[in-house]
Amino acid sequence: MVAIRVVLLGPPGAGKGTQAQLLQEKFHGCQISTGDILRKAVAEKTALGKEAGSYIERGALVPDGVILNLVTQRIQQPDCANGFLLDGFPRTVAQADGLQQILDSLGQRLDGVLSVQVPPDIIIERLSGRRTCKECGAMYHVTFSPSKKNGMCDQCAGALYQRNDDNPETVGTRLKVYESQTAPLVNYYRERGLLRDIDGMGSVEEIHKRVLRALGEQVP
Ligand code: AP5
């Protein structure tokens with residue numbers, strides 16, 4: 001298996017987490033989802049969780065310094081030595097500059113940045129139907145990928161819940177925050193020759209094939 005170092009970029013609900021999970025099954029390395037790490041910290045009421053909770057609840061970004069500290073520590077864990085999938089990070093130019101400094105200090109470089117794009121009406125449809133397992137984090141959608149038993153995870157029988165920030169008002173804020181603070185990273189990485197545009201419309205499997213092709217893999 002090949003080691004890859006990739007960023008998944010895109011608006012909320014574009015399918016970054018879904019595609020990151022599929023990539024992790026195929027390649028070496030770790031999946032770093034800053035959103036998952038922050039939600040776990042909130043649930044466990046750690047100092048990080050107490051600081052991040054109010055930002056997440058209102059759909060705002062957690063301060064760059066907090067996020068960069070978190071990623072600096074996580075990316076140096078042994079399971080990231082053979083590559084990583086960054087899901088939901090970086091989200092600001094300051095975070096992207098910070099990532100570059102982290103990678104320079106580790107003597108590493110990015111293989112690519114996958115920009116997954118989906119129109120706003122589809123994003124709202126995807127987020128309003130998303131359900132996540134409280135125990136194992138497996139993800140479902142009430143219409144597109146429902147669990148076999150209503151409200152119960154197929155993999156571990158855990159309870160499924162709807163994220164607090166997936167309500168229509170907070171999704172609207174998250175979309176605005178994406179446009180103003182994260183979308184500039186598309187050009188940031190295009191100018192550095194790293195950006196790969198991915199059409200995020202279609203089935204999960206179709207998008208996975210596009211992602212693999214963008215990473216130079218042979219796909220039938
Ligand atoms: P985070 O958890 O990163 O949320 P997000 O970026 O808004 O992305 P989502 O997890 O909502 O969506 P996704 O693109 O991963 O889509 P998914 O695969 O789940 O961040 C949450 C909050 O944490 C932020 O608002 C902020 O406060 C804070 N935060 C996190 N990182 C930060 C950072 N770096 N800096 C500062 N603050 C940070 O798919 C969505 C749904 O669609 C699922 O139900 C899925 O089953 C379904 N689906 C996926 N693909 C398809 C398809 N092809 N067809 C049909 N359905 C599909």
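Laboratory data are not the source of any read-out in this text; all were calculated from the coordinates shown. Owing to the predicted nature of the structure, the values given are computational and were not obtained by experimental measurement. Cβ atoms come from the backbone with ideal geometry, glycine included; neighbour counts cover every protein chain shown.
With a ≥ b ≥ c the root eigenvalues of the C-alpha gyration tensor of the stretch 127-192, is it rounded (a/c under 1.5), prolate (a/b larger than b/c) or oblate?
Prolate, since a/c reaches 1.5 and a/b exceeds b/c.
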Chain lengthening between residue 219 and residue 47 when straightened (0.36 nm per residue, less Cα-Cα): 57.5 nm
From the helices alone, meaning DSSP H stretches of at least four residues, give me the mean residue ellipticity at 222 nm for the chain, per-run term -39500 (n - 2.57), in deg cm²/dmol to the nearest 500. -13000 deg cm²/dmol
Using +1 at the Cβ of each Lys and Arg and -1 at the Cβ of each Asp and Glu in the chain, identify which of 86, 7, 132 lies farthest towards the dipole's positive end. 132
State, to one decimal in nm², a quarter of the convex hull surface area for the C-alpha atoms of the chain, i.e. the direction-averaged projected area. 12.0
Sorted by packing (mean other beta-carbon atoms within 10 Å per residue), highest first, where do 174-184, 13-23 land? 13-23, 174-184
So if I place +1 on the C-beta of Lys and Arg and -1 on the C-beta of Asp and Glu, and nothing else carries charge, what would the dipole magnitude of the stretch 65-193 be about its Cα centre? I want it in debye, nearest 20. 240
Count of Lys pairs (Cα-Cα under 18 Å; at least 8 positions apart or interchain) in the chain: 9
Counting residues in the stretch 1-131 as N, plug N into 2.2 N^0.38 Å and put the Cα Rg over that result. 1.05
Among 92, 132, 143, which one shows the biggest mean-square fluctuation in a GNM of the chain, springs joining Cα atoms closer than 10 Å? 143
